[in-house]
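Student: Pasting in a structure now, in structure tokens, and then I'll have a few things to ask.
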Amino acid sequence: MGYYGSPNAPSLHWVRCMEDVARKHYLAHHRLNTKHRSVSWQPTGLWVSIQCPFIAASPDGIISCQQCGKGLLEIKNPYKYKNSTIHEFTSKVDTCLIHCNGVTHLDRKHDYYYQIQFQLWVTGFQWCDFVLRTNSQMDNIFVERLVQDNNFISNILPKLNYFFYYGIIPELKSRSVQGLVILNAVLKQCNE
């Protein structure tokens, strides 16, 4: 709702600077690992759900591949462990990747999984390549193709509707949370 202003943390600067590098790395990785030569990326903007206009998605691009068809791209460049290998990254307890039964994958309980599932639902695409890239000299890219999970969406949508109608709409009318945000900001400055 715009209560916090525009963030300008070093981590956000890192993410913005590295997204183009990660995208180029992903395209080369896709061509090399799938042997699909005709793969391309195109930028995309904000997509708003027709069924629930209060839900929107902004994927990092659309991938077109002659063999795979069209899908979404979602890139993450973690700042906290930016110099870790993917193996090291996965071994940390506070990351989005987990290693189970010899396979590394995006944790299905992580916010990124929710984000991608709703990107797929809003846009109507059937798959999204989730890319996580670090700045390590080797073992620095992880790619997982995620497909739309309709059961997941069916379970979450009622909760989102409830939150919108009983949380967001009342706040838009009252602005009571805005007062708390301002008060906390003032108190923080006074304590510095």
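Just so you know, all these numbers are worked out from the coordinates, no wet-lab data involved. Remember, it's a predicted structure, so these values are computed and weren't measured experimentally. With ideal geometry, Cβ positions are generated from the backbone for all residues, glycine too; neighbour counts draw on all protein chains shown.
Student: Report, in degrees rounded to the nearest 10, the 0 to 90 angle that the Cα long axis of helix 111-123 makes with the longest principal axis of the chain.
Tutor: So the inclination is approximately 80 degrees.
Student: Quick one: plug the Kirkwood hydrodynamic radius of the stretch 57-129 (C-alpha pairs) into Stokes-Einstein at 10 °C, 1.306 mPa s, and report D in µm²/s.
Tutor: D, rounded to a whole number, is 117 µm²/s.
Student: Still on this structure, I have one more. Take each of the peptides 146-152, 132-138, average the number of other beta-carbon atoms within 10 Å over its residues, and list them starting from the highest.
Tutor: 132-138, 146-152
Student: Calculate the FRET efficiency for ASN155 and PHE54 from the Cβ-Cβ distance with a Förster distance of 25 Å, rounded to the nearest 0.05.
Tutor: Computed FRET efficiency for ASN155 and PHE54 comes out at 0.85.
Student: What's the local net charge at ASP111, with K and R +1, D and E -1, over the other residues with C-beta under 14 Å away?
Tutor: 0
Student: With 10 Å bins from zero, work out the P(r) of the stretch 140-192 over every alpha carbon pair and list the percent per bin.
Tutor: All Cα pairs considered, the percentages come to 18, 23, 22, 23, 13.
Student: Same structure again: Evaluate the distance, in nm, between pseudo-label points positioned 7 Å from the Cα of VAL186 and of VAL103 along their respective Cα→Cβ axes.
Tutor: 5.4
Student: Evaluate the distance, in nm, between pseudo-label points positioned 7 Å from the Cα of LYS24 and of HIS110 along their respective Cα→Cβ axes.
Tutor: That separation, rounded to one decimal, is 2.5 nm.
Student: For the stretch 119-168, just say rounded, prolate or oblate: build the C-alpha gyration tensor, square-root its eigenvalues into a ≥ b ≥ c, call rounded for a/c under 1.5, and beyond that prolate if a/b exceeds b/c, oblate if not.
Tutor: Prolate.
Student: To continue, here is another question. Specify the inter-centroid distance of the stretch 132-174 and the stretch 63-84, based on alpha-carbon positions, in whole Å.
Tutor: The two parts, judged by their Cα centres, are 16 Å apart.
Student: Could you tell me the extents of the stretch 10-159's C-alpha atoms along the three principal axes, largest first, rounded to whole Å?
Tutor: 44, 37, 35
Student: Sort CYS128, CYS52 by Cβ crowding within 10 Å, fewest neighbours at the top.
Tutor: Result, fewest neighbours first: CYS52, CYS128.
Student: Related question: What angle do you read, to the nearest 10 degrees and between 0 and 90, between the alpha-carbon axis of helix 176-191 and the longest principal axis of the chain?
Tutor: With both axes taken from Cα atoms, the answer is about 90 degrees.
Student: With a 10 Å radius around each residue's Cβ, average the other Cβ atoms per peptide and rank 59-67, 11-19, highest first.
Tutor: Top to bottom by mean Cβ count within 10 Å: 59-67, 11-19.
Student: List the Cys residues of the chain that have no partner Cys with a C-beta closer than 4.7 Å.
Tutor: If one checks each Cβ against the other cysteines of the chain, CYS17, CYS52, CYS96, CYS100, CYS128, CYS190 turn up with nothing under 4.7 Å.
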